[in-house]
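Values quoted throughout were computed directly from the atomic coordinates according to the rules given, and no laboratory measurement underlies them. This one's a predicted model, so the numbers in the text were calculated from it and none came from an experiment. Glycine also receives a Cβ, built like all others from the backbone with ideal geometry; neighbour counts cover every protein chain displayed.
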Amino acid sequence: MFDFTAGLISMGFFVVGLFFARFWSRSRDRLFLAFAAAFWLLAANHAIVALFGLPREEQSWVYLLRLAAFLLIIVAIVSKNLAARRGG
């Protein structure tokens with residue numbers, strides 16, 4: 001049951017990443033591209049945990065994928081806000 005749920009979550013993250021990639025292709029706003037990449041990293045994180053059956057995800061190298069995804073989101077938002085302040 002855990003593998004099935006992890007697969008659903010991975011697929012959901014991947015699909016959300018595709019939506020952000022489509023938004024990026026229309027607007028060319030780097031924020032959307034960063035969100036797409038972050039969601040794909042989260043999808044990879046869940047897929048790897050399910051495929052390799054890691055018992056304690058927070059103590060493995062896979063956790064770094066999740067950390068990278070959240071750091072990417074934070075950097076993209078801060079960058080967008082700083083650009084808006086300079087331009088406005």
Paramagnetic reach from Ala68 in the range 34-57 [backbone N under 19 Å; point 7 Å along Cα→Cβ]: 34-54, 57
So how strong a dipole does the chain carry about its Cα centre when Lys and Arg Cβ are +1 and Asp and Glu Cβ are -1, to the nearest 20 debye? 600 debye
Paramagnetic label zone (point 7 Å from Cα along Cα-to-C-beta, Ser27; backbone N under 16 Å) in the range 67-88: 73-74, 76-85
If I model the range 2-87 as equal point scatterers sitting on the Cα atoms and use the Debye formula, what is log10 I(q)/I(0) at q = 0.20, 0.22, 0.24 Å⁻¹? -0.88, -0.99, -1.09
Report the gain in length on full extension from Met11 to Ala83: 0.36 nm times residue separation, minus Cα-Cα distance, nm rounded to one decimal. 22.7 nm
Would you mind telling me which residue in Phe39, Phe13, Phe23 has the biggest mean-square fluctuation in a Gaussian network model of the chain, where springs connect alpha carbons within a distance under 10 angstrom? Phe23
Let me check against my output: what whole-number percent is the relative contact order of the range 2-87, with C-alpha pairs under 8 Å and at least 6 apart? 32 percent
